[in-house]
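Note sheet for the following structure.
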Amino acid sequence: MILNLKRIYNPADKADGLRILVDRLWPRGVTKERAQIDRWMKDIAPSTELRKQYHANPQNWAEFQHNYIAELRQSKEAINELVELIKTHDTVTLLYSVHDEQQNHAVVLREFLLTIHPL
């Protein structure tokens, strides 16, 4: 099982496997044809409140991670659905739209799935 991360603005590739958009909002300027997603899981993304708090204070990365993990622990149905999708595919790519490839919710989600909620 391979669990990748990728910006939705990068071209789709067959090596992406199952492509899952994990943003609450549809990415600006991306058509559904260009996105080539297999699933859009809005409910797995950070809440609107948490997303706005982090965008207002990006230096609070550690706090954002802590709060997002707390939200993920409460999102049992969405997590279980995502885990089942991952288990039934050799390769899954979690797609996100933010510019920062190191500090974003998809990074936290992937880490959560691989360590806190092992697949």
### Query
Taking Cα pairs under 8 Å and at least six residues apart, what relative contact order does the chain come out at, in percent?
43
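Give a quick list of trypsin sites (Lys or Arg not before Pro) in region 21-80 that DSSP marks as loop, anything other than H, G, I, E or B, with at most 11 other Cβ atoms within 10 Å.
Details: sites: 24, 28, 32, 34, 39, 42, 51, 52, 73, 76; in loops: 24, 28.
In loop regions of region 21-80 (DSSP not H, G, I, E or B), the sparsely surrounded trypsin sites (Lys or Arg not before Pro) are 28.
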### Query
Can you sort 38, 13 by how many other beta carbons sit within 10 Å, fewest first?
13, 38
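Roughly how large, in nm² to one decimal, is the mean projection of the convex hull of the alpha-carbon atoms in the chain? Present the calculation step by step, with values, prior to reporting the outcome.
Numbers: hull surface 27.6 nm².
Taking a quarter of the hull surface, the average projection is 6.9 nm².
Give, as a single signed number, the net charge of other residues whose beta carbon lies under 15 Å from the beta carbon of residue 6, with Lys and Arg counted +1 and Asp and Glu -1.
Values: positive: 7, 14, 19, 34, 39, 110; negative: 13, 16, 23, 38, 100, 101.
After counting each charged neighbour, the total is 0.
Before rounding to the nearest 500, sum -39500 (n - 2.57) across all DSSP H runs of length at least 4 in the chain and divide by the residue total; then give [θ] at 222 nm in deg cm²/dmol. It would help to have the intermediate numbers written out before the result.
On the way: 5 runs with 46 residues, N = 119.
After summing the helix terms and dividing by the residues of the chain, the value is -11000 deg cm²/dmol.
Every read-out reported here was derived from the displayed coordinates using simple, explicitly stated rules and does not represent laboratory data. What you see is a predicted model, and the numbers here were worked out from it, not measured in a lab. Glycine also receives a Cβ, built like all others from the backbone with ideal geometry; neighbour counts cover every protein chain displayed.
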